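Here is the structure we will look at, set down as structure tokens.
Please treat every number below as a calculation from the coordinates, not as lab data. Quick caveat, the model's predicted, so the values are computed rather than measured. All Cβ positions, glycine included, derive from the backbone under ideal geometry; neighbour counts span all protein chains shown.
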Amino acid sequence: MANPTPRRGYHHGNLRAELIEASFALLAKHDLAEFSVAKAARAVGVSTASPYRHFADRDHLLAAVAAQAALELAARVRADVAAVPEDDPRERFAITAGTYVRYVAERGAGFSIIFSTPLARLDDAELADAGRALMRLLLDLARDALGGGPPEDALLLLERHTVAAHGYATLLRDGFFSSRRPKDTVGTIAARAAQASRELRVGG
């Protein structure tokens, strides 16, 4: 009987990128509390020591995942917004709630990771820059949706929008909708998140 293929101790390909992608796959299937560097290493097929050539610890690996998530989410927001006429800024903003739900359903990483307090304490420049760029994009869309006005109003609208989008994404992930309405899909939940954003109001 042939010996099984030995596990790789380390390889000279783009291990860093492979570990990040494996981490996304793990987060899409399991709760963050279950995530570990060892699981990511096993998913890639390297020794559990190999990731530490690229990441100091679990949080530094998650910071790299969070930075990539922020960049990917921003790109998807821009793509979805571009499909809505420029003369409908309220809709351009609202649909991003659905964008968020779909992204989290696919990738498993959302605001709770991108803006995680423990990760923020790492003072990781890549994550900080990506997170700020994402929030600037969403805040600009919120300002446009309101047609200007005080900055505080745009911040409040974005806050409520984020709560709605993240709430739908989290409940979808936790199986809340499938247990109550089995016919719901990621698409129908994303549509409901966008509708919730359309109905948000700020002020009087």
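Quick notes on this structure:
- Considering only alpha-carbon pairs that sit under 8 angstrom and 6 or more positions apart, the relative contact order computed for the chain is 23 percent.
- Lys, Arg +1 and Asp, Glu -1 on Cβ, resulting dipole of the chain about Cα centre, debye, nearest 20: 760 debye
- Helix-derived mean residue ellipticity, 222 nm - over the chain, DSSP H n ≥ 4, -39500 (n - 2.57), to 500: -21500 deg cm²/dmol
- Residue among TYR52, TYR100, TYR168 with the largest mean-square fluctuation in a Gaussian network model of the chain, springs linking Cα atoms under 10 Å: TYR52
- Length-normalised contact order of segment 7-55 in % [C-alpha pairs under 8 Å, at least 6 apart]: 52 percent
- Taking the Kirkwood radius as Rh and the Cα radius of gyration as Rg, segment 7-55 has a ratio of Rg/Rh equal to 0.95.
- Cα gyration tensor shape for segment 62-198, rounded if a/c is under 1.5, else prolate or oblate: oblate
- ³J(HN,Hα), Karplus 6.51/-1.76/1.60, whole Hz, each residue of segment 19-36, x for Gly, Pro: 5, 5, 5, 5, 5, 4, 4, 5, 5, 6, 10, 10, 5, 4, 4, 8, 6, 8
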